[in-house]
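The values are calculated or read from the model by the stated rules, or taken from the named source; none is laboratory data. Keep in mind the model is a prediction, meaning the values are calculated, not measured. Every residue, glycine as well, gets a Cβ built from its backbone with ideal geometry; the counts of neighbours run over all protein chains shown.
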Amino acid sequence: MFKTHALLGASVALALAGFSTIVPAQNYPTKPVRLIVPFPPGGSNDIVGRLMAQELTEKLGKQVVVDNRGGAGGVLGTEIAANADPDGHTLLVISVAYAFNPAMYKLRFDPEKAFVPISILGTGPNALTVTPKLPANSVKELIALAKAQPGKLNYASSGVGTFQHLGSELFRIMAGVNIVHVPFKGGGPAMADVIAGNTEICLGSLIQMIPHVDSKRLRLLGIGGLKRAKIYPNVPTIAEAGVPGYDSSNWWGLLAPAKTPPAVVTRLRAETTKILAQPELQKKFESQGAETVKMSPDEFGRFIKTEIVKWTKVVKEAGIKAE
């Protein structure tokens, strides 16, 4: 009799344990959701994160709050997300910087195991811009000018190890030019210095460049992706304008901490898919020089691994080290 009751009690306990993991998923979310953006406000990650937070708030029925946690090229905020409770109430927006960091920093989390991919959100190319004071109206003219004056032209970036820095180094290597890196604390100060004509070149996210290009404070010479930007159809890609094979695009995605309940992940994937399919949301991305992307979670996971390999090579060849 005792054994029977013990077995029955164990069975009930197991059933309740299983039930307890199902109930939160069915009722998810039960409180506001924190969306960690591992960079300061104002950058492309923040722009995309806030677009998604607004849409997810409507879809999930609970407030989705953006939490900017900048530092160490995105590592600080990413580590906070990796250590958060895996209940779906903490999510992380990542970008191409996620692929830089394994080569730049000693991470206290495994970038391939610490998270489960929910969805890639979109992609946006970098843009090669120069101060209007520079006598270069095309990519080829800029390369010729740089080769005629090795070490004389400077390019501004948002800091060591950032998308602007690595995209510029990829350009320097592939174009075979000697241009000098001038790091700033953020993309805004970097662009301001080029606008002022103190540094000559800025190769960064198109999403951040658009207002300055449209106001003619920066001259746009080329698009860093493999295809032209819809917003500037007459501007050639850097690859077709003088540096064959060049491809430097930012991208953004949504992750959840590993061990987040599968049902919660499935819900988040379904809602994110609906959001990205909305024509109005797609127009918002396009107005920022970006576009939404369709990938299965498995494809997104493989894409991240491919990007890590690609940018690790650039970091090593350029000899970049985190400050």
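At least 2 residues being touching a residue at least 60 places away in the same chain (Cβ under 8 Å), in contact with a helix residue (DSSP H, G or I) (Cβ under 7 Å, 6 or more places away or on another chain) and surrounded by fewer than 19 Cβ atoms within 10 Å (Cβ to Cβ) is the threshold, and among the helices (runs of 4 or more DSSP H) wholly inside the stretch 205-279 those reaching it are 262-276. I'd like to check something: does the stretch 123-140 contain any residue that is modelled with pLDDT of 95 or more and in a helix (DSSP H, G or I)? Yes, the stretch 123-140 contains a residue that is modelled with pLDDT of 95 or more and in a helix (DSSP H, G or I). In summary, helices (runs of 4 or more DSSP H) completely within the stretch 25-113 and bearing 3 or more residues that are in the same structural domain as residue 262 (by TED's automatic domain parsing) and touching an Asp or Glu at 6+ places or on another chain (Cβ under 8 Å) occur at 44-60. Within the option set 116, 96, being within 15 Å of residue 311 (Cβ to Cβ), surrounded by 18 or more Cβ atoms within 10 Å (Cβ to Cβ) and touching a Ser or Thr at 6+ places or on another chain (Cβ under 9 Å) holds for one residue only, 96. In the stretch 136-195, which residue that is within 14 Å of residue 126 (Cβ to Cβ) and of a type in the set (D, E, K, R) is surrounded by the most Cβ atoms within 10 Å (Cβ to Cβ)? Going through the qualifying residues, I end up with 169. The number of residues in the stretch 50-93 that are of a type in the set (Gly, Ala, Ser), at pLDDT below 95 and either under 24 Å from residue 263 (Cβ atoms) or surrounded by 21 or more Cβ atoms within 10 Å (Cβ to Cβ) (or both) comes to 2.
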